[in-house]
Amino acid sequence: MAKTRLEKMYFCSLCDKMVPTEIKTGPTKRTFKGETFELTVTERVCESGHRIHDQSLDIITYNILVAAFEERLEMKLTNIKSIRLQYGLSDVLFAKLLGIERLTLNHFETGKLIPENDMATLLKELREPKALARHYFSMKEQLSVRERGLIEAGLRRTSPVYAEVDFLVEYAHVVGMEKALAIQTEGSQITRIKRKRRKLQFSQEELADLLSVPLETIKELEAGMVRPDPELMGQIGTVLELDFSK
């Protein structure tokens, strides 16, 4: 490693004292986000060769590592937000698809956090609608009717391949028709609840009172924002005289 200049006393935690330091430039190996990179970096070392924390130099090294990570990934991390926006998805729904917290996604999109290699690879793959469709099918059961509709609309809008696709049939290829139809039934059940409630001239608030649940529960259910709970569906069936087995 080539010496570039001498001087300056710094505290070395390994030497446990203030020591003379120098700045050197040369090749080194660094691990970043689970990946190992061979880089040429400039760093401060003590007379015993221990690396010393130097904020300005560490920031430069960090930026070099990020650039190397992006090059290996073949994707700029600043493009994460554009992946979500190409499908017209909210940060809440996209975070749910990724299995992470909304705040974590926000930090990825603003550059406050760099995703680990597995997550970065997944994000790169999701640029392709086919990859998003596969990922969506793998977790469709965990999503509400409304969330499914938003994702399918995003796929239709983004790719001609999905413009006329019957997502029920496509999903059946993955999980089987019986299971696909069971998931599809949730949407028709919600429609039946809304129609029967209105026919009986119950407001959402009145139905919530009859079921002893918060008003928000009924609003979210009818909006397709949550998956129907079997116990709650049974109670609704009793109150509205609906048979969901048909």
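Arranged from fewest to most other beta-carbon atoms within 10 Å of their beta carbon, F167, F11, F37 become F11, F37, F167.
Which GluC sites (Glu not before Pro) in region 197-246 pass both tests, a DSSP loop state and at most 11 other beta-carbon atoms within 10 Å? Can you show the working numbers first?
Details: sites: E205, E206, E216, E220, E222, E231, E241; in loops: E241.
When the GluC sites (Glu not before Pro) of region 197-246 are filtered for loop state and at most 11 Cβ neighbours within 10 Å, E241 remain.
Given the C-alpha centroids of region 106-165 and region 205-234, what is the distance between them in whole angstrom? Between the Cα centre of region 106-165 and that of region 205-234, the gap is 28 Å. As a rough footprinting exposure proxy, the listed residues K140, K17 were ranked by other beta carbons within 10 Å of their own, and the order from fewest upward is K17, K140. Each of the peptides 56-65, 101-110 was scored by the mean count of other Cβ atoms within 10 Å over its residues; in descending order, highest first, they stand as 101-110, 56-65. Ordered by the count of other Cβ atoms within 10 Å of each Cβ, fewest first, S82, S144 give S82, S144.
With +1 on the Cβ of every Lys and Arg and -1 on the Cβ of every Asp and Glu, and nothing else charged, how large is the dipole of the chain about its Cα centre, in debye rounded to the nearest 20? All intermediate terms of the calculation are to be shown ahead of the outcome.
Numbers: 37 positive and 37 negative charges, 97 e Å.
That gives the chain a dipole magnitude of about 460 debye.
Seen against the Cα atoms of the chain and their longest principal axis, helix 230-240 is set at about 30 degrees. Amide H contacts under 5 Å for V213: none, restricted to partners 5 or more places along the chain or on a different chain, H placed in the peptide plane at 1.01 Å from N. Seen against the Cα atoms of the chain and their longest principal axis, helix 129-138 is set at about 70 degrees.
For the chain, the longest principal axis of the C-alpha atoms and the axis of helix 177-199 are separated by about 60°. Note on the chain: with a GNM built from Cα contacts shorter than 10 Å, the maximum mean-square fluctuation among M18, M75, M233 falls on M18. The spread of Cα positions in region 68-110, taken along each principal axis and listed from longest to shortest, comes to 29, 19, 16 Å.
Quick note: the coordinates plus some simple rules give every number you see, no bench work behind them. Bear in mind that the values here come from a model prediction, so they are computed numbers and not experimental data. In this analysis, Cβ positions are derived from the backbone assuming ideal geometry, glycine residues included, and neighbour counts consider all displayed protein chains.
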